[in-house]
Amino acid sequence: PRPILLTRHGESRDNVRGRIGGDNVLSDKGEIYAKKLANFVEKRLKSERAASIWTSTLQRTILTATPIVGFPKIQWRALDEINAGVCDGMTYEEIRKNMPEEYDARKKDKLRYRYPRGESYLDVIQRLEPVIIELERQRAPVVVISHQAVLRALYAYFADRPLKEIPHIEMPLHTIIEIQMGVTGVQEKRYKLMD
Ligand code: G3H
């Protein structure tokens, strides 16, 4: 069995300010996580010559992968964060104040709610299909460095969690979720590298 390692990018400067979306760089803490992750991956996958690192096309995942050396890196647009459309760059508080109908609609049905000119969780789940097919096909370990909403959907697929739970799955920063797919089912380990 070969592991799939799932992790969010290190903390970004927008995470610190509570802004969603955007394409910002890492905070100092996020940079530290990138180094710790590289250390972990290099130890964990030392003898795995065919392993690869998959990121989104956004800076915060690419920068999180930067300190990892010795493995090929692949950028997937399908691993980009949920597109918040007109709300991109706002805080949840700003959305609540300036667009209360949108805020309420999302709260009522977070799975189906689609940001104006953006995406819903269902849209994200659909665009992940080619990524999942490729992950299933790989024989070697893969490290997936992506974003909260996307990783909720990927994790739910492997952990067999129901659709309606997906938008609410806890997906903490600075934590690696290792999935092992064996003949008897899926096993999971978590490594919290820092707060
Ligand atoms: O920027 C988007 C967030 O990572 C997704 O979180 O779906 O809980 O608002 P949310």
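Evaluate the following for Glu81: is it over 27 Å from Asp23 (Cβ atoms), surrounded by 15 or more Cβ atoms within 10 Å (Cβ to Cβ), of a type in the set (D, E, K, R) and in contact (Cβ under 8 Å) with a residue 60 or more places away in the chain? Quick ask: steps written out before the conclusion?
Numbers: over 27 Å from Asp23 (Cβ atoms): no; surrounded by 15 or more Cβ atoms within 10 Å (Cβ to Cβ): yes; of a type in the set (D, E, K, R): yes; in contact (Cβ under 8 Å) with a residue 60 or more places away in the chain: yes.
So Glu81 does not fit the description; no.
Of Tyr92, Tyr113, which residue is free of Cβ contacts under 8 Å to residues at least 60 places away in the same chain and surrounded by 13 or more Cβ atoms within 10 Å (Cβ to Cβ)? Give the derivation first.
Working: Tyr92 fails: free of Cβ contacts under 8 Å to residues at least 60 places away in the same chain.
Only one candidate qualifies: Tyr113.
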Among strands (runs of 3 or more DSSP E) entirely within segment 1-76, at least 2 residues that are of a type in the set (Ser, Thr, Tyr) occur in 52-55
Among residues of segment 23-48 being without any contact (Cβ under 8 Å) to a residue 60 or more places away in the chain and among the acidic types (Asp, Glu), the residue surrounded by the fewest Cβ atoms within 10 Å (Cβ to Cβ) is Asp28
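Tell me yes or no: at least one residue of segment 145-152 is more than 12 Å from the ligand (Cβ to nearest atom), in a loop (DSSP other than H, G, I, E, B), touching a strand residue (DSSP E or B) at 6+ places or on another chain (Cβ under 9 Å) and touching a residue at least 40 places away in the same chain (Cβ under 8 Å).
Looking only at segment 145-152, we keep the residues that are more than 12 Å from the ligand (Cβ to nearest atom), and these are 145.
This time we only want the ones that are in a loop (DSSP other than H, G, I, E, B), so: none.
Checked segment 145-152: no residue is more than 12 Å from the ligand (Cβ to nearest atom), in a loop (DSSP other than H, G, I, E, B), touching a strand residue (DSSP E or B) at 6+ places or on another chain (Cβ under 9 Å) and touching a residue at least 40 places away in the same chain (Cβ under 8 Å).
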For segment 96-110 the number of residues that are touching a residue at least 12 places away in the same chain (Cβ under 8 Å) and in a helix (DSSP H, G or I) is 1
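Among Arg8, Arg17, which is the only one that is within 16 Å of the ligand (Cβ to nearest atom) and under 19 Å from Val124 (Cβ atoms)? Don't jump to the end; show me each part of the working.
On the way: Arg17 fails: under 19 Å from Val124 (Cβ atoms).
Just a single option satisfies the conditions, and that option is Arg8.
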Residues of segment 57-93 being within 22 Å of Pro130 (Cα to Cα) and among the acidic types (Asp, Glu), in sequence order, are Asp80, Glu81
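Quick check on Ala51: is it crowded, with 20+ Cβ neighbours inside 10 Å, over 23 Å from Arg152 (Cβ atoms) and in contact with a Phe, Trp or Tyr (Cβ under 9 Å, 6 or more places away or on another chain)? Give the derivation first.
Working: crowded, with 20+ Cβ neighbours inside 10 Å: yes; over 23 Å from Arg152 (Cβ atoms): yes; in contact with a Phe, Trp or Tyr (Cβ under 9 Å, 6 or more places away or on another chain): yes.
Considered against the rule, which asks whether it is crowded, with 20+ Cβ neighbours inside 10 Å, over 23 Å from Arg152 (Cβ atoms) and in contact with a Phe, Trp or Tyr (Cβ under 9 Å, 6 or more places away or on another chain), Ala51 comes out as yes.
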Filter segment 128-165 for residues that are of a type outside the set (A, V, I, L, M, F, W, C) and under 11 Å from the mean Cα position of the chain (by Cα); the one that is nearest to Ala38 (Cα to Cα) is Ser146
Among residues of segment 122-144 being basic (Lys, Arg) and loosely packed, with under 15 Cβ neighbours inside 10 Å, the residue nearest to the ligand (Cβ to nearest atom) is Arg137
Within segment 1-22, the residues that are farther than 20 Å from Val131 by Cβ and surrounded by fewer than 20 Cβ atoms within 10 Å (Cβ to Cβ) are Arg13, Asp14, Val16, Arg17, Gly18, Arg19, Gly22
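Consider Asp80 carefully, then state whether it is of a type in the set (Asp, Glu), within 15 Å of the ligand (Cβ to nearest atom) and within 15 Å of the chain's Cα centre (by Cα). Break it down stepwise before answering.
Working: of a type in the set (Asp, Glu): yes; within 15 Å of the ligand (Cβ to nearest atom): yes; within 15 Å of the chain's Cα centre (by Cα): yes.
Yes, satisfied.
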Scanning segment 54-78 residue by residue, those surrounded by 15 or more Cβ atoms within 10 Å (Cβ to Cβ) and among the small types (Gly, Ala, Ser) turn out to be Ser56, Ala65, Ala78
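Every read-out reported here was derived from the displayed coordinates using simple, explicitly stated rules and does not represent laboratory data. These numbers were taken from a predicted model, which means no experiment stands behind them. Cβ: placed from backbone, ideal geometry, glycine included. Neighbour counts: every protein chain shown.
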